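Asks: Handing you this structure, nothing more for now.
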């Protein structure tokens, strides 16, 4: 059983005051997230990531399609006992302290008072909130609120947790702590569905990712599969390379750029079309010696930018589509 | 029920820490205390003045609390997006609405109780200043327990007003909700005049329209028995029961409407 499964999940809104037009916030998203994985849901601002999360939390209703969490429909209250959710830029109640907020949320899961207190104390320690736990939340900084938001998302020890931009507002140390927390959650068997546009976090944490652009899924799969075969060139480092050999290699188009690293020691950028073994044998025949040959792979950022650039731009439907909006 | 009571207790906790509420209750208690001084200026009407002013203060400040906290109950949660985290918990939308309503009802109950205690303390203090002969001409004792009937109906009226404020706050802004709630409260005070409108207008259509509206709009005047209790006039038990049933039916209707609207709402 998948942790999360969506089938053609679609959300249209009506935009415009005088002549409302349907606007595609999410277009037929089909996705499955397996249990125990850290899944990165990536996309630029306005791609539809938060819309997807709101549909999964049933904060909004789909125009079409369906979504299941842990094999049950998203509206099922029993499912909500087993999941956690951190909204983007979370905001809580001004006059409650962090402790009181977490106790309140824990009470909604039916924990007894002693258990609530134990959980709350442990969680606040885990997200790095110390003596501030007895301060009213209106006195909290954005980063501190984010930590409280993460704590409330895991107050019930969830099987699946949804984080919407969990690193937002955190300093580098805070980001590192939250990355470690996410990995601890994964080690406990918790599935983490994690929305972000910070690709370095996704690269560090996620086993699989999906990329959303303009409301449409443009790519999904294992990070290693998405990036492994996208070799965009080679870096050949050689020593004993003479000027004549370098001129030859550049002239015949084997080398796109040469960077001197020392006397007769060069790092050569080979285009993706070049056959590195052939270039290597030609240069060694001219007296050079191999130091290293490394494929230059596409980074997640390169991949992301390419996918986003290729995504269709039109998000407004024809007026004849009457099924839009609720 | 556990979820509803958790949400209600949270609303109560938030409300009692709100400085606006402290201000309103403090001012009401001050006004009730000051009614003692105003009573001193009148010849032999001290007790009546204090009762009139005290009951009016409870009704008026209760109204402000009901409207100003009631209109923000749902709106604030949606606008500040705290509802996102809350509704991702095992909380059904109708439990959220009921919890919010009961939380504010509890807040109102406690505040009305504080104002009532303040009123009875002033009246009890005043009672010690008079001889038995002077007391004998009063229509009712100073600290008359019969006033609790009027205070009970004031509380019920406030609960209806709260239900209106909550209903409007499920789909409109606080400003509009406040305007609509206050507007309905004012119209509701003159509901009987609407019903008898045909006696003062020549157009039968206008008369029928006014009569029709009087059946649809709330009749807040029925909750007002302040004059009867101050003058110790009889208030039939059946009137109290009918008014209570009327108030509870209105609350049930409004909460059902609020739940129906809220259940379908998208939180964009």
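Asks: Select from segment A:8-49 the residues that are more than 21 Å from residue A:186 (Cα to Cα) and either in a loop (DSSP other than H, G, I, E, B) or outside the structural domain of residue A:209 (by TED's automatic domain parsing) (or both) and list them in ascending order.
Replies: A:16, A:17, A:18, A:19, A:20, A:43, A:44, A:45, A:46, A:47, A:48
Asks: How about segment B:249-268: which of its residues are free of Cβ contacts under 8 Å to residues at least 60 places away in the same chain and more than 14 Å from chain A (Cβ to nearest Cβ)?
Replies: B:249, B:252, B:253, B:256, B:260
Asks: Given segment A:122-226, what helices (runs of 4 or more DSSP H) lie entirely inside it while holding 3 or more residues that are away from chain B (no Cβ under 14 Å) and closer than 22 Å to residue A:53 by Cβ?
Replies: In segment A:122-226, A:172-187, A:199-205 are the helices (runs of 4 or more DSSP H) which contain 3 or more residues that are away from chain B (no Cβ under 14 Å) and closer than 22 Å to residue A:53 by Cβ.
Asks: Any chance you could count how many residues in segment B:87-98 are within 25 Å of the chain's Cα centre (by Cα) and crowded, with 24+ Cβ neighbours inside 10 Å?
Replies: Count: 1.
Asks: Turning to a different aspect of this structure: Name the helices (runs of 4 or more DSSP H) wholly inside segment B:188-267 in which the number of residues that are at pLDDT below 90 is 3 or more.
Replies: Of the helices (runs of 4 or more DSSP H) lying wholly inside segment B:188-267, those with at least 3 residues that are at pLDDT below 90 span B:191-195, B:204-216, B:226-230.
So that you can scan it fast, the table gives a plain yes or no per residue for (1) over 26 Å from the mean Cα position of the chain (by Cα); (2) at pLDDT 85 or above:
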{"residue": "A:182", "(1), (2)": "no, yes"}
{"residue": "A:194", "(1), (2)": "no, yes"}
{"residue": "A:198", "(1), (2)": "no, no"}
{"residue": "A:204", "(1), (2)": "no, no"}
{"residue": "A:212", "(1), (2)": "no, yes"}
{"residue": "A:240", "(1), (2)": "yes, yes"}
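Asks: Still on this structure, I have one more. Among residues belonging to segment A:56-73 that are under 17 Å from residue B:89 (Cα atoms) and more than 10 Å from chain B (Cβ to nearest Cβ), point out the one that is surrounded by the fewest Cβ atoms within 10 Å (Cβ to Cβ).
Replies: Step by step, filter segment A:56-73, then rank; the result is A:73.
Asks: Taking the conditions exactly as written (under 15 Å from the mean Cα position of the chain (by Cα) and surrounded by fewer than 23 Cβ atoms within 10 Å (Cβ to Cβ)), does residue B:176 satisfy them or not?
Replies: No, not satisfied.
Asks: Another question, if that's okay. Residues B:131, B:116: which one is more than 30 Å from residue A:153 (Cβ to Cβ) and either out of contact with any helix residue (DSSP H, G or I) (no Cβ under 9 Å at 6 or more places or on another chain) or in contact (Cβ under 8 Å) with a residue 60 or more places away in the chain (or both)?
Replies: B:131
Asks: For segment A:82-118, how many residues meet the condition of being facing chain B (nearest Cβ under 7 Å), within 25 Å of residue A:41 (Cα to Cα) and in a loop (DSSP other than H, G, I, E, B)?
Replies: The total comes to 4.
Asks: Name the single residue, out of those in segment B:18-58 being exposed (fewer than 15 other Cβ atoms within 10 Å of the Cβ) and within 14 Å of chain A (Cβ to nearest Cβ), that is modelled with the highest pLDDT.
Replies: Out of the qualifying residues, it is B:22.
Asks: Let me confirm something: among A:153, A:47, A:98, which residue is more than 30 Å from residue A:13 (Cβ to Cβ), touching a helix residue (DSSP H, G or I) at 6+ places or on another chain (Cβ under 9 Å) and touching a residue at least 12 places away in the same chain (Cβ under 8 Å)?
Replies: Just a single option satisfies the conditions, and that option is A:98.
Asks: How many residues does segment A:50-81 contain that are over 23 Å from residue A:217 (Cβ atoms), part of a helix (DSSP H, G or I) and touching a residue at least 60 places away in the same chain (Cβ under 8 Å)?
Replies: Count: 0.
Asks: Just to be sure, is residue A:246 more than 21 Å from residue A:53 (Cα to Cα), without any contact (Cβ under 8 Å) to a residue 24 or more places away in the chain and buried (at least 19 other Cβ atoms within 10 Å of the Cβ)?
Replies: The answer is yes for residue A:246.
Asks: Now for a different question. Tell me whether segment A:239-246 contains one or more residues that are part of a helix (DSSP H, G or I), touching a helix residue (DSSP H, G or I) at 6+ places or on another chain (Cβ under 7 Å) and closer than 30 Å to residue A:264 by Cβ.
Replies: So far as segment A:239-246 goes, yes, one or more of its residues are part of a helix (DSSP H, G or I), touching a helix residue (DSSP H, G or I) at 6+ places or on another chain (Cβ under 7 Å) and closer than 30 Å to residue A:264 by Cβ.
The values are calculated or read from the model by the stated rules, or taken from the named source; none is laboratory data. Remember, predicted model here, so these are calculated numbers, not experimental data. We place every Cβ from the backbone using ideal geometry, glycine too, and count neighbours over all the protein chains shown.
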